[in-house]
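Student: Right, I'll just put the structure down here and ask away after.
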Amino acid sequence: MSKAAAVKKKIKRNVARAVVHVKASFNNTHVTVTDAKGDTIAWGSAGIVGFKGTRKSTPFAATRAAEHAAQGAVRQGVREVLVKVRGAGSGRESAIRALSNSGLNILAIEDCTPLPHNGCRARKRRRV
C-alpha cells in the first residue's frame, strides 16, 4: 500500500459552539480550539506561526497564534466560543482580543490557572 492511501482525509465538522483553551506560559502561548467533548478542532502556538526564542513569549506572538487557531475553527463552522485561560504569561489578554477580532463570538472567559492549596514544596527562590 502506498503512503498516499494511508493518509486519513480531514473531516469537516460543523460545530457551532466550541471551547478555546489558552495556555500562556512565560516562554510560549498555546491556543487550542475543542468541541464540547474535548476533541481538538484547531490549534496554534507562537512556534507554529514562526516565532523563535524569546520572541515567542511576546503578546504579538500570542495574537498571531490565536488568529491561526481561529482561522481553522471558523473553517470548521465555529461561531461561538467559551475561553478558558491558563497560566501567567504575557499573551493572555492579547490572545482573547485576537479571538474576538477574528469573528468569533466570546460567550464567557474563565481563568483556570492551577493554584496550589499549600501542596508540594515550592522551588528555591531564584537569585539574580
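The values are calculated or read from the model by the stated rules, or taken from the named source; none is laboratory data. Quick caveat, the model's predicted, so the values are computed rather than measured. Neighbour counts are summed over all protein chains in view; Cβ atoms, including those assigned to glycine, are modelled from backbone coordinates with ideal geometry. Surface accessibility is based on the protein's heavy atoms, side chains included, excluding ligands, DNA and RNA. Shrake-Rupley method; radii C 1.70, N 1.55, O 1.52, S 1.80 Å.
Student: Quick check: net charge around Gly87, other residues with Cβ under 14 Å of its Cβ, Lys/Arg +1 and Asp/Glu -1?
Tutor: Local charge sum for Gly87: +2.
Student: Once fully extended, how much extra length lies between Ala88 and Asn118, figured as 0.36 nm per residue of separation less the alpha-carbon to alpha-carbon distance?
Tutor: Extending this stretch completely gives an extra 8.9 nm.
Student: What nm distance separates the two modelled labels at Ala16 and Thr54, each placed 7 Å from Cα along Cα→Cβ?
Tutor: With each label placed 7 Å out from Cα toward Cβ, I get 4.8 nm.
Student: If you count only protein heavy atoms with a 1.4 Å probe, what accessible area per residue comes out for the chain, rounded to a whole Å²?
Tutor: Solvent-accessible surface per residue comes out at 72 Å².
Student: For region 113-128, just list the computed ³J(HN,Hα) in residue order, Karplus coefficients 6.51, -1.76 and 1.60, θ = phi - 60°, integers in Hz, with x standing in for Gly and Pro.
Tutor: 5, x, 10, x, 9, 6, x, 6, 5, 6, 5, 5, 5, 7, 10, 10
Student: Please list the non-local residues whose amide H lies under 5 Å from the amide H of Lys84, H modeled 1.01 Å from N, same-chain partners needing a gap of 5 or more.
Tutor: Val20, His21, Val22, Glu110
Student: Just going by the charge dipole of the chain, with Lys and Arg at +1 and Asp and Glu at -1 on Cβ, which of His30, Ile41, Ala108 is farthest out on the positive end?
Tutor: Positive-end residue among those listed: His30.
Student: Now for a separate question. Mind listing the phi-derived Karplus ³J(HN,Hα) values for region 35-49, rounded to whole Hz, using 6.51, -1.76 and 1.60 with θ = phi - 60°, and x for any glycine or proline?
Tutor: 8, 5, 6, x, 6, 6, 9, 8, 8, x, 8, 5, x, 5, 6
Student: OK, next. For Phe51, list long-range residues whose amide hydrogen, built 1.01 Å from N in the peptide plane, is under 5 Å from its own amide hydrogen.
Tutor: HN-HN under 5 Å from Phe51: empty list.
Student: Separate question: Show me 19-32, 75-88 ranked by packing, highest mean number of other Cβ atoms within 10 Å first.
Tutor: With the highest mean Cβ count within 10 Å placed first, the list reads 19-32, 75-88.
Student: Additional query: Could you give me the ³J(HN,Hα) list for region 73-88, computed from phi with Karplus coefficients 6.51, -1.76, 1.60 and θ = phi - 60°, whole Hz, x at Gly and Pro?
Tutor: Per residue, the Karplus-derived 3J(HN,Hα) values read 5, 5, 4, 8, x, 6, 10, 10, 9, 9, 9, 10, 9, 9, x, 10 Hz.
Student: Same structure, new question: Average the reciprocal distances over every distinct pair of alpha-carbons in region 13-81, invert the result, and give the Kirkwood radius in Å.
Tutor: For region 13-81, inverting the mean 1/r across all distinct Cα pairs yields 11.9 Å.
Student: Give the Rg/Rh ratio for the chain, taking Rg as the radius of gyration of the Cα atoms and Rh as the Kirkwood radius, to two decimals.
Tutor: Checking Rg against Rh, the ratio lands at 1.07.
Student: What is the sum of charges, Lys and Arg at +1 and Asp and Glu at -1, for the other residues whose Cβ falls under 14 Å from the Cβ of Gly38?
Tutor: Neighbourhood net charge equals +2.
Student: Under 17 Å between alpha carbons: how many lysine pairs meet that in the chain, if sequence neighbours fewer than 8 apart on the same chain are excluded?
Tutor: Within the chain, the lysine pair count is 4.
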